[in-house]
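J.: So that we are looking at the same thing, I have put the structure below in structure tokens.
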Amino acid sequence: MATATDTIEALAQRDYEYGFVTDVEQDTAPPGLSEEIIAFISAKKNEPQWLLDWRLHAYRGWLKMVEPQWANVRYEPIDYQSICYYAAPKSDDDRPRSLDEIDPEILATYEKLGIPLREQEVLAGVAVDAVFDSVSVATTFREKLAELGVIFCSFSEAVQDHPELVRKYLGTVVPRRDNFFAALNSAVFSDGSFVYIPKGVRCPMELSTYFRINAMNTGQFERTLIIADEGSHVSYLEGCTAPMRDENQLHAAVVELVAHEDAQIKYSTVQNWYPGDKQGVGGIYNFVTKRGLCAGRRSKISWTQVETGSAVTWKYPSCILKGDDSVGEFYSVAVSNNRQQADTGTKMIHIGKRTSSTIVSKGISAGEGQNTYRGSVRILRSAEDARNFSQCDSMLIGDRCGAHTFPYIDVANPSAQMEHEASTSKIGEDQVFYCNQRGIETEDAVSMIVNGFCKEVFRELPMEFAVEAQKLLEVSLEGSVG
Amino acid sequence: MLRVSDLHARVEEHEILRGVDLQVEAGEVHAVMGPNGSGKSTLAQVLAGREDYEVTAGSLEFDGDDLQEMAPEERAHAGLFLAFQYPVEIPGVGNSYFLKAALNATRKARGEQALDAMDFLRLLRERANLVDVDEALLRRPVNEGFSGGEKKRNEILQMAVLEPRLAVLDETDSGLDIDALKTVAAGVNALRREDRAFVVITHYQRLLNYIVPDHVHVLLDGRIVRSGGSGLALELEERGYAGITEASAGGSGG
């Protein structure tokens, strides 16, 4: 966390070097979506022709697709023609001048999470007066990675600097027309992260978007591509516990992971976007497609997520276990409080022999929140001796919330071993009373009980993320028990 | 220390306690005996401040403070401890973590310094030793997957760590075999002190062979119908609750 200010430092330096000069005059596209707008976005980013064609193919597919209705969530129809699909990063003149201009409720949350003042400014998008004399941590960090041959940059930079890699892998895990939101993203994606770990390299540090120059303002259609070449290891952290200020209601990101033989990718997410007010007004719609391909033998992909934000979440980080002996994991904590709705889970698709997958999902519903686990485990005919273990636990706090579980299991090879455990518990008055009788106040008791419930997931998170996640859960559930 | 006067309490629409009087002084051990449904557990829950139990009349004083004005955790901070008849499981929360949170919440409420991890561990080990609790139990989640005996022992361990002034033991003997019963009783005896009082609630006389009370009260139908010394427990064992009822009915008639 301490390096967020350094990231800004780096940003500021970059502004100084290059400025926001582009060859197209306008900074913002008019609202609406058309082939012209897509061409505009592509031109703004100085993209090669193949990428523009790629976007247009996605767009033409999207036009024929319908928004999915099967998720257990309700929201007002989205008018895709009223959305603005390109806006240049804001100049300092358009940003808040100081924290005084920021919503006090957001500031209160920052306080509770113990975020230092300078980082608060960064998170809230305050124009930081950037006069720095030290070399930024982010730059040193990048240099160190470069020595190992690790590429970690923004997606736009990757298109310019490593077009062969982007072209080889883009859309290989999540095809352009995979689903409605993925197609939309493919047509209009703004920016995101690109990671390439060369053969045999164990990335020596957790890669976090915090460290990525140009990480801010990646916008609502984020695109991330991570490639772990043979025998390499990488741990990637996405998001942060502090609520990000964001004016875009619809977020439709795509994340693609590729793990080659003996490679391992660990992808951890803490998502805490604005959930809307207590009536559910104004929150973010988070419709994300995340998928990893275990392409090589003995490769492994782990998804760990802590989802506490957004008004509506639609998200199923998945693994395609193609390589023999490959491993897929999904560990998830999803919280829906007040009017939040989350429909989240995973898909594990077993293709290779002796592939194994583990699913641990913890859903917590409070207030009038609705939490749905939707998971699919498919064992294809080719997947000899595949194994899956699934555990889906739901916890209810109060009596106006809901928990729903939709596990789909599809086995086409009789040698498969499947285990499924599910439970629903209500945070018991007797548990709270027991804690009270030992001197522990109700709020602390609830947070302790909930953290205990989520323990199996938290222990999969990188250390400092885990501590933050516990704190975040406390803040998210504040006041949910009388 | 504890003064219960003319206590009436109900759960939902059922009046369960119908005028209980009980006075406990520091250093004393009181046994409250009674058959099922006599109101024993209700008395324990009311003392601890369980919300579902409504006090409709009478008073509860602890060291001169009105317990009814105090939230359950405030009663705990004041030194009132309840060993639960059915200790609650808290999955995923480590037993020693839980105890540390409990102890430090109590210390904080009393204006004392919180114990750090090392000091707490030292204390925990010492107390576990005192009440003969295996250290393996400390590392497991609170009561999760514990046997009946382990749960009861864990309650005694919590008591040993929290050092209450008044401990209410709600049927701590239920479901224990004789060896477990002896261990639990030995734990309680190790914690007897001049400034600490116990209210031992039990159905059977058996426990009182090992925890010898100063006073025995018989609770029947929401009232204490007889009080006496430790001999009363033996009399009960011989004559049963029915015999005691007749005796008390005869007593009040004469």
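J.: Pick out, from region A:370-468, the strands (runs of 3 or more DSSP E) lying fully within it that include 3 or more residues that are surrounded by fewer than 18 Cβ atoms within 10 Å (Cβ to Cβ).
T.: Because the criterion is at least 3 residues that are surrounded by fewer than 18 Cβ atoms within 10 Å (Cβ to Cβ), the strands (runs of 3 or more DSSP E) in region A:370-468 that meet it are A:402-411, A:417-426.
J.: Quick check on this structure: which one of B:Ser41, B:Ser96 is more than 8 Å from every other protein chain (Cβ to nearest Cβ), closer than 30 Å to A:Asp393 by Cβ and modelled with pLDDT under 95?
T.: None of the other options fit; the residue is B:Ser96.
J.: Does A:Thr442 satisfy the condition of being of a type in the set (Ser, Thr, Tyr) and touching a strand residue (DSSP E or B) at 6+ places or on another chain (Cβ under 7 Å)?
T.: no
J.: Look at A:Asp393 and say whether it is closer than 21 Å to A:Tyr331 by Cβ, more than 8 Å from every other protein chain (Cβ to nearest Cβ) and acidic (Asp, Glu).
T.: Spelling it out, A:Asp393 is indeed closer than 21 Å to A:Tyr331 by Cβ, more than 8 Å from every other protein chain (Cβ to nearest Cβ) and acidic (Asp, Glu).
J.: Ok, one more. Please find, within region A:436-481, the residue that is farthest from A:Val270 (Cα to Cα) out of those that are within 13 Å of chain B (Cβ to nearest Cβ) and touching a Lys or Arg at 6+ places or on another chain (Cβ under 7 Å).
T.: In this case the residue turns out to be A:Phe453.
J.: Still on this structure, please answer the following. Sort through B:Thr56, B:Thr42 and tell me the only one that's surrounded by fewer than 14 Cβ atoms within 10 Å (Cβ to Cβ) and among the β-branched types (Val, Ile, Thr).
T.: B:Thr56
J.: Which of the residues spanning region A:304-356 are within 27 Å of A:Gln264 (Cβ to Cβ), outside any strand (DSSP E or B) and in contact (Cβ under 8 Å) with a residue 40 or more places away in the chain?
T.: Once the filter is applied, which keeps residues that are within 27 Å of A:Gln264 (Cβ to Cβ), outside any strand (DSSP E or B) and in contact (Cβ under 8 Å) with a residue 40 or more places away in the chain, region A:304-356 yields A:Thr308, A:Tyr316, A:Pro317, A:Gly323, A:Ser326, A:Gly352, A:Thr355.
J.: Any residue in region A:8-16 that is assigned to a helix (DSSP H, G or I) and at pLDDT 85 or above?
T.: no
J.: Let me ask another. Grab the helices (runs of 4 or more DSSP H) fully contained in region A:80-183, keeping just those with 1 or more residues being at pLDDT 90 or above.
T.: Filter on region A:80-183 gives A:137-147, A:155-161, A:163-169.
J.: Quick check on region B:106-113. Is at least one of its residues within 19 Å of the chain's Cα centre (by Cα), within 13 Å of chain A (Cβ to nearest Cβ) and free of Cβ contacts under 8 Å to residues at least 24 places away in the same chain?
T.: Looking for residues that are within 19 Å of the chain's Cα centre (by Cα), within 13 Å of chain A (Cβ to nearest Cβ) and free of Cβ contacts under 8 Å to residues at least 24 places away in the same chain, one finds none in region B:106-113, hence no.
J.: Tell me whether region B:203-218 contains one or more residues that are in a helix (DSSP H, G or I), surrounded by fewer than 18 Cβ atoms within 10 Å (Cβ to Cβ) and among the β-branched types (Val, Ile, Thr).
T.: Checked against the condition, which is being in a helix (DSSP H, G or I), surrounded by fewer than 18 Cβ atoms within 10 Å (Cβ to Cβ) and among the β-branched types (Val, Ile, Thr), region B:203-218 yields no hits at all.
J.: I'd like the full set of residues that are modelled with pLDDT of 95 or more and surrounded by fewer than 24 Cβ atoms within 10 Å (Cβ to Cβ), limited to region A:332-350.
T.: A:Lys347, A:Ile349 - these are the residues of region A:332-350 that are modelled with pLDDT of 95 or more and surrounded by fewer than 24 Cβ atoms within 10 Å (Cβ to Cβ).
The values are calculated or read from the model by the stated rules, or taken from the named source; none is laboratory data. Owing to the predicted nature of the structure, the values given are computational and were not obtained by experimental measurement. Counting neighbours? That spans all protein chains shown, and the Cβs are built from the backbone with ideal geometry, glycine included.
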